[in-house]
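Take a look at the structure below.
The values are calculated or read from the model by the stated rules, or taken from the named source; none is laboratory data. All of these numbers come straight from a predicted model, not from anything done at the bench. Positions of Cβ are generated from backbone atoms using ideal geometry, with glycine treated the same way; all protein chains shown enter the neighbour counts. The protein model used for the area step is the full one, side chains on, heavy atoms only, and it has no ligands, DNA or RNA in it. Shrake-Rupley method; radii C 1.70, N 1.55, O 1.52, S 1.80 Å.
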Amino acid sequence: MAAAQGKVIITCAVTGSIHTPSMSPYLPITPEEIAQAAIEAARAGAAIVHLHARNAKDGSPTQDPELFREFATRIKAASDVVINFTTGGAPTMSIEERLQPTLRLKPEVASLNMGSMNFGLYEMLGRYKDFKYEWEKPYLAGSDERIFKNTFRDIAHILQTCSGNDTRFEIECYDIGHLYTAAHFLDRKPWKRPLFIQPVFGIRGGIGPHPEDVMHMKRTADRLFGDAYLWSVLGAGRNQMFVAAMSAVMGGNVRVGLEDSLWLGRGTLAKTNADQVTKIRRILEELGLAVATPDEAREMLKLKGGRNVAF
């Protein structure tokens, strides 16, 4: 399903759980920094902000609902941007821990991963010599034997537990099989249309970022979901802008942000999430595409609206 009337939804993933604080001085850590980064990204053109939380003392990932409440409340007070919480959290967390912010705070959108997988971050160790905090190096090194757990039971549990929230799920698919898992759950319990399918390209353990990979995922999604879905993509690391531009040309939507890449260009760290949003917006507009506002994104995705949340 193409972006409605040429409008492209930009999602900005503000901080994530992949990168550690030693990798960039610009990575948002505190609730204040995360809120400000999200507000700036919205001003630059993001219709949706995807949010993780971090411990303010050392930048480690956390799913503390009160931290989500703190930055979400700040964002909501300053912007009409659509707020999207992670249920992925980090691969080191239990499913119950990962679920709590969405369960308690009922955002308009929440991410939902469609399968267990290897999730390799260990290659980053060769790029950085010094780490500020004790948790960073073991977190990266341990990923060579860590499974990011998202079983059928886990997925069903999240769907069932949050069924009364009217939260729309951003369905994250790291490989072809994840699209089939989404179709399986659609058969088990029909979801509200349109589905919001977001493939992820370039994570070690998932599908690669080659154009053929992107096209294969798109063809498969078209076959499985027809016109009942909206398509968005993210490319990890240096693949970010290339994959996003390719998605837009194919009629889809895009995601950028410091969760997915720390870089603005070759050898240049992005100083803000807004820098990446500004860059992809410029690319989209030069392609003759218009960027969706938050309210247009709400209409395209049939969201419940920013007033119907618990923060």
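General observations
- Overall dimensions of the range 92-248 as given by Cα atoms, namely Rg and Dmax in Å: 16.6, 49
- Percent carbon-and-sulfur accessible area, the range 32-151, ignoring ligands, DNA and RNA, probe 1.4 Å: 48
- Solvent-accessible surface ranking, highest first, for 74, 168 at 1.4 angstrom: 74, 168
- Reducing the range 18-94 and the range 103-170 to their Cα centroids gives an inter-centroid distance of 14 Å.
- The chain, helix-only ellipticity at 222 nm - DSSP H runs n ≥ 4, -39,500 (n - 2.57), divided by all residues, nearest 500: -11500 deg cm²/dmol
- Cα pair count fraction exceeding 24 Å, expressed as % - the range 210-303: 23
- Here the range 67-172 is treated as a sphere whose radius is the Kirkwood value from Cα pairs; by Stokes-Einstein at 20 °C and 1.002 mPa s it diffuses with a coefficient of 139 µm²/s.
- Largest to smallest accessible area among 311, 152, 68 [probe 1.4 Å]: 152, 311, 68
- The percentage of C-alpha pairs in the range 41-80 whose separation is greater than 12 Å is 62%.
- Length-normalised contact order for the chain - Cα pairs under 8 Å, 6+ apart - percent: 26
- Heavy-atom accessible surface of the range 36-185, averaged per residue, reaches 41 Å², computed with a 1.4 Å probe.
- In terms of its Cα atoms, the range 16-110 spans 33, 32, 18 Å along the principal axes, sorted from long to short.
- Rolling a 1.4 Å probe over the protein heavy atoms gives the range 230-292 an accessible area of 39 Å² per residue.
- GNM flexibility winner over the chain from 206, 164, 115 (Cα, springs under 10 Å): 164
- Gaussian network model of the chain, Cα within-10 Å springs - most flexible of 120, 257, 267: 267
- Choice from 253, 113, 165 with maximal GNM fluctuation in the chain (Cα, 10 Å cutoff): 165
- Extent along principal axes [Cα atoms of the chain; Å; largest to smallest]: 49, 43, 41
- Highest to lowest packing among 290-300, 126-136, scored as the average C-beta count within 10 Å: 290-300, 126-136
- Cα-based radius of gyration for the range 248-311, normalised by 2.2 N^0.38 Å, reads 1.35.
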